[in-house]
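J.: Below are the structure tokens for one structure; questions will follow.
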């Protein structure tokens with residue numbers, strides 16, 4: 001046990017003397033160097049070297065619209081970073097944007113439609129087309145059942161108070177304009193809001 005421990009200590013000291021810049025400078029090797037170069041740093045390769053293509057994207061977290069570079073190897077995303085060509089973020093990302101890769105590759109991320117029927121005790125997978133059609137049918141049904149054309153005093157209102165719309169922070173002005181026209185103008189919704197934080 002003692003011989004193994006002694007050999008391990010000697011090996012660590014020899015490695016430090018070989019790799020650390022101060023002993024190398026004192027020993028006469030590379031006297032102008034201030035960089036520490038270890039065996040590990042000499043053999044380490046950039047993780048993006050494996051990427052066979054780079055795409056661009058926009059961070060999904062807020063309305064700032066920071067540009068991202070998405071590196072892929074085959075069909076797998078291997079890295080996401082800020083795009084330095086963007087005048088908005090100039091290559092930087094906030095903590096939420098920097099976590100995009102973890103969000104994309106998280107094994108708990110839902111990638112299919114989940115539906116739980118009324119009074120059911122479990123979730124079922126359904127096709128996206130089915131979900132979109134069901135949402136449209138329920139919105140139309142609710143609107144038709146709750147639409148008020150006039151108040152009791154005869155004032156025209158043409159609205160429903162039974163449906164609300166909440167927009168996301170990544171929507172731009174044009175998208176919000178169209179949503180407002182559809183929800184308020186087309187469906188008569190009164191409660192139309194956006195959760196943008198900026």
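The values are calculated or read from the model by the stated rules, or taken from the named source; none is laboratory data. Remember, it's a predicted structure, so these values are computed and weren't measured experimentally. Note that each Cβ is placed from the backbone with ideal geometry, even for glycine, and that neighbours are counted across all protein chains shown.
J.: (1) out of contact with any strand residue (DSSP E or B) (no Cβ under 9 Å at 6 or more places or on another chain); (2) assigned to a helix (DSSP H, G or I); (3) surrounded by 13 or more Cβ atoms within 10 Å (Cβ to Cβ): which one isn't true of residue 49, the others all being true?
T.: (3)
J.: Read through the list (1) at pLDDT 95 or above; (2) in a loop (DSSP other than H, G, I, E, B); (3) loosely packed, with under 12 Cβ neighbours inside 10 Å, then give the number of the only condition that residue 92 fails.
T.: That leaves (3) as the condition not met.
J.: Does any residue in the range 38-64 that is in the same structural domain as residue 89 (by TED's automatic domain parsing) come within less than 6 Å, Cβ to Cβ, of a residue that is in a helix (DSSP H, G or I) and loosely packed, with under 14 Cβ neighbours inside 10 Å six or more places away or on a different chain, and which pairs are these?
T.: Within 6 Å, the pairs are 61/96.
J.: Confirm whether residue 164 is surrounded by 11 or more Cβ atoms within 10 Å (Cβ to Cβ) and either outside any helix (DSSP H, G or I) or on the phi > 0 side of the Ramachandran plot (or both).
T.: Yes; evaluated as a whole, the condition is true for this residue.
J.: From (1) buried (at least 16 other Cβ atoms within 10 Å of the Cβ); (2) out of contact with any strand residue (DSSP E or B) (no Cβ under 7 Å at 6 or more places or on another chain), pick out the condition that doesn't hold for residue 188.
T.: Only one criterion in (1) buried (at least 16 other Cβ atoms within 10 Å of the Cβ); (2) out of contact with any strand residue (DSSP E or B) (no Cβ under 7 Å at 6 or more places or on another chain) is unmet by residue 188, namely (2).
J.: Right, something else. Test residue 135 against the stated conditions and say whether it is outside the structural domain of residue 54 (by TED's automatic domain parsing) and within 27 Å of the chain's Cα centre (by Cα).
T.: Taking the combined requirement at face value, the residue satisfies it.
J.: Additional query: Which is surrounded by fewer than 14 Cβ atoms within 10 Å (Cβ to Cβ) and at pLDDT below 95, of 138, 101, 171, 182?
T.: One residue alone meets the criteria, 182.
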